[in-house]
1. Sequence-distant or interchain residues sharing an amide H contact under 5 Å with I114, placed H: which?
2. If you roll a 1.4 angstrom probe over the protein chains with everything in place, what fraction of the accessible area of the chain belongs to carbon and sulfur, to the nearest %?
3. Please compute the length gained on full extension between Q11 and S64, using 0.36 nm multiplied by the number of residues separating them and subtracting their Cα-Cα distance.
4. Which of rounded, prolate or oblate describes the chain when judged by the alpha-carbon gyration tensor and an a/c cut-off of 1.5?
5. Please name which of A27, A91, I9 has its Cα lying farthest along the dipole of the chain towards the positive end, using unit charges on Cβ (Lys, Arg +1; Asp, Glu -1) and the Cα centre as origin.
6. Per 5 Å bin, what is the whole-percent P(r) computed from every C-alpha pair distance within the stretch 50-117?
7. Using R₀ = 25 Å, calculate the FRET efficiency as 1/(1 + (r/R₀)^6) where r is the Cβ-Cβ separation of H31 and F77; round to 0.05.
8. Run the numbers on the chain and let me know its relative contact order in percent, using alpha-carbon pairs under 8 Å that are six or more apart.
Amino acid sequence: PVSKNKQYITQTEEKGTVLISEEVVCAIVAHSVMEVEGVVGIGGKVGADKKNWGKGMKITISESNDVSVDCNIVVAFGYAVMNVAKAAQDAIVASVSSMTGVKPTVVNIGVSGIVRQ
């Protein structure tokens, strides 16, 4: 059942409609970011609303299927923060695009910490 409180990417296909929930997009983002070299975690607050998922990320899907992603990452000490953040942006765009068919219009990366490993 489709919840009115959730946002969905909506794809109309020949045999019907496919809805991809924001939780699925959130999972795609989390998996792709954690594969980026220099990222050791996702964390920090990106907003105080229910869309935060408690994981340092916020996904917004508009009625026109525009997807925006806000994601806070923790970077390993010794890595160039800007390079890691850019790689995280690129990974998110590539994975969300390939897995949902919708390219994110905005991907904001916040670096919420640096840790020694």
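The values are calculated or read from the model by the stated rules, or taken from the named source; none is laboratory data. This is a predicted model, so every value here is computed, not measured. As a convention, Cβ positions derive from the backbone with ideal geometry for all residues, glycine included, and neighbour counts pool all protein chains shown. Calculation scope for accessible area: heavy atoms of the full protein, side chains included, ligands and nucleic acids excluded. Shrake-Rupley method; radii C 1.70, N 1.55, O 1.52, S 1.80 Å.
1. V75
2. 53 percent
3. Taking 0.36 nm per residue and subtracting the Cα distance, the gain is 18.0 nm.
4. Prolate, since a/c reaches 1.5 and a/b exceeds b/c.
5. Farthest towards the positive end: A27.
6. 4, 16, 24, 23, 17, 9, 5, 1, 0
7. Efficiency, from the Cβ-Cβ distance: 0.60.
8. Reported relative contact order: 26 percent.
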